[in-house]
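Visitor: Please find one structure pasted underneath; my questions will follow.
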């Protein structure tokens, strides 16, 4: 099994041991392979990395004392609110730009 080079860093940052991180990577790798049917494509790696991050987050939250203090969890979610708002505005800007482009094409071809 080829593990990503970032695995020791990710394990250390998350506060889990390397052996557990390798187990989580195997789960993520198996999941990505079942979704894509491949084991070496960029899509496979993207899904495996996303799944790995999700598994590590779940692992950390399962052992976290934050669950005993729900207000800390609320604060953690609120800290990402500005990024969510910015992402929403960016998506709206892209959708608006696309709508204007379609409208312009439609009306230029009609003229």
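Visitor: Mind checking which helices (runs of 4 or more DSSP H) fall wholly inside region 1-98 and carry at least 3 residues that are modelled with pLDDT of 85 or more and either out of contact with any strand residue (DSSP E or B) (no Cβ under 7 Å at 6 or more places or on another chain) or on the phi > 0 side of the Ramachandran plot (or both)?
Guide: Ranges flagged: 7-14, 18-36, 42-62.
Visitor: Still on this structure: Within region 4-21, can you find the residues that are surrounded by 15 or more Cβ atoms within 10 Å (Cβ to Cβ) and farther than 15 Å from residue 63 by Cβ?
Guide: Selection gives 4, 7, 10.
The values are calculated or read from the model by the stated rules, or taken from the named source; none is laboratory data. This one's a predicted model, so the numbers in the text were calculated from it and none came from an experiment. Cβ: placed from backbone, ideal geometry, glycine included. Neighbour counts: every protein chain shown.
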